Amino acid sequence: MRYGDLCDRLFVVLETWILKTNLLVLEGEILGQGAGDFSVFFVLRTTCRISNGGVTKMGNYTLSGGVYFFAGAKRGAIYDTNTGKVYSVNSAAKQIIEGASLDNSYWQQLVGMGLASTNSDNCKVLQALPKHQENLRFVWFEIVSDACNNCCIHCYAKSGPVSRRRCKTTKLTYSQWVSLIDQSVAAGCKRCQLIGGEPFLYRGEQGESVLDLAEHARKVGFEVVEIFTNATLLTPENVARIKELELRVAVSLYSNEPDIHDTITRRRGSYIEAARGLRILKDAGVNTRVELILMRANQDTLLETLSFIKEFGFGETRPDPIRQVGRGSDLDLLPEFPVFAKYGLRLKPDFKTSLLSLARNLRGNPCLNGKIAITDVGVVYPCIFSRSFSVGSVLEDAYLENIIQGDGVQRVWYSSKDAVVVCKDCEFRYCCADCRPLAEARAFGKIGYFEAPYPRCTYNPYTGEWAGGVWKVDSEGGLCYDESVKPILQSVTSGV
Ligand SMILES: C[S@@+](CC[C@H](N)C(=O)[O-])C[C@H]1O[C@@H](n2cnc3c(N)ncnc32)[C@H](O)[C@@H]1O
Ligand code: SF4
Ligand code: SF4
């Protein structure tokens, strides 16, 4: 008999035996690594071996230090903060870990994986959860909110060439920005981004530029200062200064086809200028990442553009579908569903954990905690995309610390996924990130910012199924797991 045939027969025998004995399968190792037949076979074999170990003795067990269990509506998840792995367990395992049923062999399996240990006390699963006090960790300084030399079809900031009327709005002065940078550092912040609009259009009262602000930020202690730019205004001179100041740069590129890029930016010649800017950055050796926002207008050149970026010598770029904010609110701008599904949907679990991230996520949402965005008119938003409500104004209160400690920011930082519809019943809620402004936008005003379900998730915690549908809110506020898209999701996950 061929080795492959032998494996197949063994597989069937084991599968039947497992179904008969209702043995538990711990799936953690296969999650996020592509569950092919081999992986399944591997898990069955593992289970078999441990079971054959003949562990029948009753005993008391506890999860190891740094290992936590969280129940979902149907299944559960073990978070191993020592290794960073997150394991999904089935409903029978969930009952055992919760103490609702006894199965020492399963506990032994956990012991073998370093996830549990024998305990002379009564069986105790729960250990004290880590606690966390949030600090300011990241600031977007949106130094020119509305002004831009491009006028992109999807821009959340609705930026573009500025009219005289809009010019009259009172903007923060250079010294106010300097003070905000200083106050952010004093609050413990080490990372920031200078963004717009187009940040290279920024001019202070004495002609100061974005690089003057960046230099100040580096001088007073920001470890990471990134400028997010359309790259059209880069020159060898300003790039040399970027390099000298050890700044990072993020550049938007929509296509390797000039026409497509220019159609999105709505300005002829913008591609040529952006490509020239990228070349200058590359030649100067500046730490640069290229962002590719995916929409219907550029979906056909997506793969070529990704290759182009790679050949240019910049790191991996993960396409990010547009979010329904500002001019991006038009749903027709979204890529076609199969493309969107491939690049925009969470189709399988690939979660990681750590003691710090768990502590943070128990109290807040990783999308939001520790962050603020400040616009050029002093409005403070929870995030650069969250423009539906402000959490303060530096024109009304010049002390950033007051704003950070105020009800608005604190509510945002300490609103966890326990509040989010669907996620609150999901075992991955403390290791999974989402996007609140996107969730809010797709809930059509029917479910609030903190509660709206995440529209890019295909997991159904009530059935334990991945890629069976997507969560949707209808115009009446009704929630459904839309299974009509299942065939497309399945073809994407199987790589067809
Ligand atoms: C607003 S721009 C500001 C910086 C600079 N002007 C630029 O275009 O790179 C920052 C990034 O946000 C992206 N962006 C704008 N609107 C968006 C939306 N609705 N959804 C997702 N990304 C968006 C842009 O494509 C760009 O990559
Ligand atoms: S996305 Fe950037 S380049 Fe495009 S209009 Fe908005 S600010 Fe300008
Ligand atoms: S988005 Fe919500 S439902 Fe989906 S995996 Fe994350 S926590 Fe679970």
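No value in this document is a laboratory result; all are computed from the given coordinates. The model shown is predicted, which means the values in this text are computed figures rather than measured ones. We place every Cβ from the backbone using ideal geometry, glycine too, and count neighbours over all the protein chains shown.
So what's the net charge close to residue 138: Lys and Arg +1, Asp and Glu -1, counting the other residues with Cβ under 12 Å from its Cβ? All intermediate terms of the calculation are to be shown ahead of the outcome.
On the way: positive: 137, 190, 191, 371; negative: 134, 223, 226.
Spelling it out: positives minus negatives among the neighbours equals +1.
Quick one: net charge around residue 365, please, counting Lys, Arg +1 and Asp, Glu -1 for every other residue with C-beta under 10 Å from its C-beta.
+3
Order of 372, 181, 309 from fewest to most other C-beta atoms within 10 Å?
309, 181, 372
With a 10 Å Cβ neighbour count serving as the proxy for reagent exposure, in which order, fewest first, do 195, 153 appear?
153, 195
Please report the net charge: other residues with Cβ closer than 13 Å to the Cβ of residue 242, K and R +1, D and E -1.
-2
For the residues 362, 368, 395, what sequence is obtained by ranking on other C-beta atoms within 10 Å, fewest first?
395, 362, 368
With only Lys, Arg, Asp and Glu charged, each at its Cβ (+1 for the first two, -1 for the last two), find how big the charge dipole of segment 315-428 is about the Cα centre; round to the nearest 20 debye.
It works out to roughly 400 debye.
Where a Cα-Cα gap under 22 Å defines reach, which lysines qualify for residue 417, not counting those fewer than 8 residues away within the same chain?
Candidates past the 8-residue exclusion: 74, 85, 94, 131, 348, 352, 371, 446, 472.
Bins of 10 Å, beginning at zero and ending with the bin holding the largest distance: percent of Cα pairs per bin for segment 432-493, please.
Result, from short to long distances: 24, 49, 26, 1 percent.
Compute the Rg/Rh shape ratio of segment 138-413: radius of gyration over Kirkwood radius, all on alpha-carbon atoms. Can you show the working numbers first?
On the way: Rg = 18.7 Å, Rh = 19.7 Å.
Rounded to two decimals, Rg/Rh equals 0.95.
Looking at segment 178-236, I'd like the Rg to Rh ratio, where Rg is from alpha-carbon atoms and Rh is Kirkwood's inverse mean 1/r.
For segment 178-236, the value is 0.97.
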